[in-house]
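Here the structure comes first, spelled out in structure tokens, and everything after it is commentary.
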Amino acid sequence: MIDISTIERELRQLWKEGAGSTAGGQAMTRALTLNLVARAQDGPSAEQMGAVIQQLTASHPSRAVLARMRPTLDEPRLEAFVQANCLLVTQGAPQICGEQITIDAQGSAVTQVASLVLALLVPDLPVALWLPGPAPLEDPLLLRLRGVITRLIVDTRDAHDAVRALAHLAAFQATEARATRQVLGISDLAWAILTPWRELIAQFFDTRPLLPHLQRIDQVLITYQPGERREGLALSLLLAGWLTASLGWVMLDQALSVEEGTVRLHLRRPAVGRGPNAIRLITIDLIPTAPSRDEPPAITSLCLRAIDGVSADFCVERGEEANYATTKAHVAGHPPISRLVRCETPTLADLLAAELRLLNRDQTFATALQSAGIFAEWLPA
Amino acid sequence: MRNENSVLSHNPLRHGLRIGRTPEPCTMVIFGASGDLTSRKLVPALYNLARERRLPGGFSVIGFARRPWDDAQFRDLLRSGVNANSRNGSVDPALWSSFAEGISYLQGSFDEAQAYAKLSERLAELDARRGTGGNRVFYLATPPESYSEIIHQLGAHGLSRSPNGGWTRIIVEKPFGRDLMSARELNNQLLAVFDEPQVYRIDHYLGKETVQNILIFRFANGIFEPLWDRRAVDHVQITVSESIGVEDRGGYYDRSGALRDMIQNHLMQLLSLVAMEPPVAYDADAVRDEKVKVLRAIRPIYPNEVDHYVIRGQYGSGSVSGRPITGYRDERGVASGSQTETYVALKLFIESWRWAGVPFYLRSGKALPRRVSEIAVQFKTVPTMLFADMPLNAIEPNVLAIKIQPDEGITLKVGSKVPGQQQIRPVTMDFRYGTSFGVASPEAYERLLLDCMLGDGTLFTRRDEVEASWSIITPIHQGWTSGSALLSPNYEAGSWGPAAADEFMLRDGRTWRRL
């Protein structure tokens, strides 16, 4: 069995050794900005997550508690060991170090992990719980730690059906919002991967002359690489949910049609300049591209189009080379303006880092998820 | 609820995005584009902004200089400049070619009316072809002698006002004048053509993250502000040291000197940030109003008092970090009997309710042992000795050091018990950007160019600030010129400045921090 004071003593020893030794002539400094609790389901994923936690040290040095849980093994066992995660960011600069406690639990001992985690948290720092895998919301660790965690990080793309997972997450969020306790920040890494798309579309309308077109959008076209578990469709639903919520579009009841794989959502918006009650209909088309084994499920293009009056087209397309995208704005009567932008596929550590940067609830994600959850409910399984 | 038929005043898709808004498409005209600053700083900064997706589609650059180049030659030169100087390493060829589509070159003399007519045509053509909407930034990256002519020509060709409801801004590099009179004159010339909100006087020190953090540190933390005044603070030391000599800038430096080159701008900026009152808002005018109040409250040093408050030095030969350095007077471009100071230390008093009686010691010099910029606030010591049989002066005062470079961060020195002994030793608590945040900070020019394009002047210097700062500096120069004492090399390259600077502190019962 594990003794907390032993773990703490080992941690102290670790830092003491670190302070004395100068690995490669570099001083080692302790800096902690949060508690990161992560659950792995097997050895290989624990190893992969450990590597990600180490990379995260650059932006979020943390006390990481990585729990490897194997409840199906017979013999109950609970072990823990400590390590420092150090990173030399630039030559000559001091190393940045965080600390990691790995808990190995199997059999019936897995039920004790939560109590161990609670004793190991550094006081007065935020607590993020990272639950990769297909069913995070049913995870016993979430239930036990709910009272102390400030952020839950999941990835709906890990689910057996990403579209259903989106609907579940939206329902979970709604339940959480009704609860009286501290508001839980929810992060979906599927949302984090959409940031460059949101950013590039938003940039068109930072320009004063183009901003009014945002109120005139009639059509949205989103193409995506589908994936085997509807991950691409889930991503495009999140984008559609984001546009709907941000632009104040109104969903028409159950207004969804599916034709040859293309999902069409019907919404409405006020018809600007046509009187107080005038409305216009909007369509959002989610179009799968030909499935490819080499391509991971992802968004491949996003276009916003105004066709009533002055036609205007705002498109972001992923380039042939994966790390680039092209943005194009074309308003009738003006020359089209396009540019190539760097759009590197983020690593898992990049996505986590971006989400951990958030201190509070991500209101934009919350409303986007709410709308996407409704669309997902409408979709046939 | 948003009124359903209201016109949008802000971009709703921007909510929740972690990076700030992108500026409107514009054209940046760089005067003196063949110079070092353009390829070493400006274009690498612009390219990095493009790489980070911070520049809008349509963004264009026109290089304006005398050399007979064409667009292709100019682009090649900039590309090698980016390769050599970008913090992100070599250019990404695909990205560069998209970025370079917007770069063109215009050959002309700064006093040639026809060249400005051509510039006007080129700008109109870019507005039509690349959607830059009449938005312009003019960047004066020329020697200061040309500023006046360029400003005049821009005005004469109607280029200080934008067509199509766009905006026009002008960025002026340092040095902004060489004394109070010339700074006023330059301001008058600028403001005869442009309005003050169009003018962005750049001091790249303000673009540094740690410099901006001074305000965050002071005004977003509750524990420091109650200690930030004459009751708790003994004195403040501001040091900006350089380990290099004048290198290939001898000709320029010999006409300038440390007081003009560093104190008038960078150190005065640091001083105002550390001493200012909380602004009523974090916006350009509110912040600059408070900064200028500090400068105006500085007790002037009259020409006849200069020897009492100011120490100057000039380096002789020596070595820095094992590298031999030629004496200042033997550098290329420097007069053999040069009277230009390469080191200056001064004591200033801010006559305000908050700071009355607290000396601010400023020092800056070349060929010093290390390149360091820091602000150290030294607090008063405790009034009596409670512990052990030790004299009171065995307790070192608390020092809060804000380090700007090279190891950006904040250090607090506190006294602590030595385990097992009745002894008190100072220990430092270190917060280093590099160890808490492993993410690289943007270069100062990236931040400043972006701010200018976004119309945010907070990190630029306003007219009254520049003039208030010169009004402190100019009488010191007058004192030196009228005094009989001649300056000769009085410190060895690689030392911490002239012995007189140490005596200057010792007179006050203080010492310079060893950095």
*Between B:MET181 and B:LEU486, what is the FRET efficiency for a Förster distance of 35 Å, r being their Cβ-Cβ separation, to the nearest 0.05?*
0.90
_Cα-Cα pairs of chain A separated by more than 34 Å (percent)_ = 37
*If pairing requires two Cys Cβ atoms under 4.7 Å apart, which cysteines of chain A are left without a partner?*
A:CYS343
*Arrange B:SER148, B:SER482 by Cβ neighbour counts within 10 Å, fewest through most, would you?*
B:SER482, B:SER148
*Once every Cα of the protein assembly as shown carries one equal point scatterer and solvent is ignored, give the base-10 log of I(q)/I(0) from the Debye formula at q = 0.05, 0.08 Å⁻¹, two decimals.*
-0.35, -0.90
_Mean separation of Cα contacts under 8 Å, 6 or more apart, over the residue count of chain B: relative contact order %_ = 16
*When N counts the residues of segment B:212-296, how does its alpha-carbon radius of gyration compare numerically with 2.2 N^0.38 Å, as a ratio?*
1.35
*Rounded if a/c is under 1.5, else prolate if a/b beats b/c, else oblate: with a ≥ b ≥ c from the C-alpha gyration tensor eigenvalues square-rooted, which is segment A:276-342?*
oblate
_Is the C-alpha gyration tensor of chain B telling us rounded, prolate or oblate? Criteria: a/c under 1.5 is rounded; beyond that, a/b larger than b/c is prolate, otherwise oblate._
prolate
*Mind running the shape call on segment B:12-173? Use the C-alpha gyration tensor, a ≥ b ≥ c as the square roots of the eigenvalues: rounded below 1.5 for a/c, prolate if a/b tops b/c, oblate otherwise.*
oblate
_Restricting the calculation to Cα positions, tell me the Rg (one decimal) and the Dmax (whole number) of segment B:357-497 in Å._
21.4, 62
*Determine, from the Cβ-Cβ distance of B:VAL382 and A:ALA278 and an R0 of 56 Å, the FRET efficiency 1/(1 + (r/R0)^6), rounded to the nearest 0.05.*
0.15
*In degrees, nearest ten, helix B:71-85 long axis to first principal axis of chain B (Cα)*: 20
*What FRET efficiency would be calculated for the residue pair A:ASP42, A:GLN219, taking the C-beta separation as r and a Förster radius of 41 Å, to the nearest 0.05?*
0.35
_Can you compute the modelled spin-label distance between B:GLU196 and A:ALA174, with each label point 7 Å from Cα toward Cβ, in nm?_
5.6
*In segment A:195-347, what is the volume of the convex hull around the alpha carbon atoms, normalised per residue and reported in Å³?*
126
*Any idea how far apart B:ALA281 and B:GLU121 come out in nm if each label point goes 7 Å out from Cα toward Cβ?*
4.4
*Grab the Cα-Cα distance for B:GLU209 and B:ASP248, subtract it from 0.36 nm times how many residues apart they are, and report the gain in nm with one decimal.*
11.2 nm
*asked:* At 7 Å along Cα-to-Cβ for each site, give me the label-to-label distance between B:ASN85 and A:VAL250 in nm.
replied: 5.6
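Computed from the coordinates by the stated procedures, all read-outs in this text should not be read as laboratory data. In this text, all values refer to a predicted model and were calculated from it rather than measured experimentally. Every residue, glycine as well, gets a Cβ built from its backbone with ideal geometry; the counts of neighbours run over all protein chains shown.
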